[in-house]
Amino acid sequence: MAIHVVQGERELVDDCRSLARFELRGIPPMVAGAARILVTFQVDADGLLQVSAREETTGAESQVQVKPSYGLSDNDIADMLTSSFEAAGQDKEARALREQQVDAEALLQSLSAALLADGEALLSESEQRELLDKMEALHREKDSGTAASIARQIEIVGAASETFAERRMDASIKKALAGRRVDDL
C-alpha cells in the first residue's frame, strides 16, 4: 500500500504540499476496503516528522522520517489558510464527488463478482439484463455525473439488486443448513 504524506488545509491531495511517500508491505490480499491501517504522526523538538503505518490484522509496519527541507513563513501559512477558506465550497463538492465515485466503484465491483458467481443460477436472463443495464448506467454516471446524480444512481442499482441479494442470502442459508436438524441448532 502506498502512503502519501501531505501538508495543507485543502480537501484534495493535489491542492496540498507533498512531504513524503512510502510503502507498507506484507499486507496479504484482501477485499478492497478490508485492510485496517493505523497511521500515526509524531513531531520531535527538532521538527522531524515521523510517520508510521501499521496494518492492524497482520502487524505489518513501515515508517518514514520527514526532515524539514524548508519551513513555511507566516505569510505562507496565512496564504494556505486563505486559499482553503476561498476554495472550501469547491473542495467540499470535489470531495463529495470523489466519495460517491468510490462508493459507486465498490458497488459495481461487488455486484459484478456476485453476478459472476451466482447470476445465472439465481436470476433469469431478463433479470440479469435489467441489473446489468442499471449497472452500466451507474458506470456512465460515475464517470461523468455529479455527486448527487451518482448517489441517485447508486440507490437505483441498490434497489434493483435487492431481489438478487435476497436470493443469494437464501441460497447461502440453505447450503449452510443442508443436512442439519433444527434440534442440532
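A few points about this structure:
- Across the stretch 8-63, the qualifying residues are those that are part of a loop (DSSP other than H, G, I, E, B), touching a Lys or Arg at 6+ places or on another chain (Cβ under 7 Å) and among the acidic types (Asp, Glu), and the one among them that is modelled with the highest pLDDT is 56.
A quick yes/no check of all residues on (1) of a type in the set (S, T, N, Q); (2) at negative phi; (3) at pLDDT 95 or above:
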| position | (1), (2), (3) |
| --- | --- |
| 100 | yes, yes, yes |
| 111 | no, yes, yes |
| 120 | no, yes, no |
| 133 | no, yes, yes |
| 136 | no, yes, yes |
| 150 | no, yes, yes |
| 169 | no, yes, no |
| 172 | yes, yes, no |
| 179 | no, no, no |
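- Inspection of the stretch 7-20 identifies at least one residue that is surrounded by 15 or more Cβ atoms within 10 Å (Cβ to Cβ), free of Cβ contacts under 8 Å to residues at least 12 places away in the same chain and either within 30 Å of residue 150 (Cα to Cα) or out of contact with any Asp or Glu (no Cβ under 9 Å at 6 or more places or on another chain) (or both).
The values are calculated or read from the model by the stated rules, or taken from the named source; none is laboratory data. None of the values given here were measured: they were computed from a predicted structure. No Cβ is skipped: glycine too gets one built from the backbone with ideal geometry, and neighbour counts run over all protein chains shown.
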